[in-house]
1. Per-residue HN-Hα couplings for the stretch 47-52, Karplus 6.51 cos²θ - 1.76 cosθ + 1.60 at θ = phi - 60°, whole Hz, x for Gly and Pro?
2. Report the gain in length on full extension from residue 27 to residue 69: 0.36 nm times residue separation, minus Cα-Cα distance, nm rounded to one decimal.
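What follows is calculated from the coordinates using simple rules that are stated; it is not laboratory data. Note that this is a predicted model, so its numbers are computed, not measured.
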Amino acid sequence: MIFSLKKIFQLGQGSLGLLETDYYNNETDITAAYRQFMTDLASALTNETSTIGTDVLLIYLLEKNISQVIAFQIFRCFIILI
């Protein structure tokens, strides 16, 4: 009997918290609630809360930048397919 010692890993693209690029483009009650959710979650996980506001803002801005890149790639693919 032969047993393989190799392990197979699969990595894939995750998704953004708000899923839709449009949510990141316009400030709405949804984006405010999303940032509040991130703040509440982080606060529940740690006693060190002094940087949570900054951290949440940086995470949100990173997601916003990623959403813009994804939207541009989808737009570019659409143009190429036409």
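1. Each residue of the stretch 47-52 in turn: 8, 8, 10, 5, 10, 4 Hz.
2. Extra length from residue 27 to residue 69 when fully extended: 13.3 nm.
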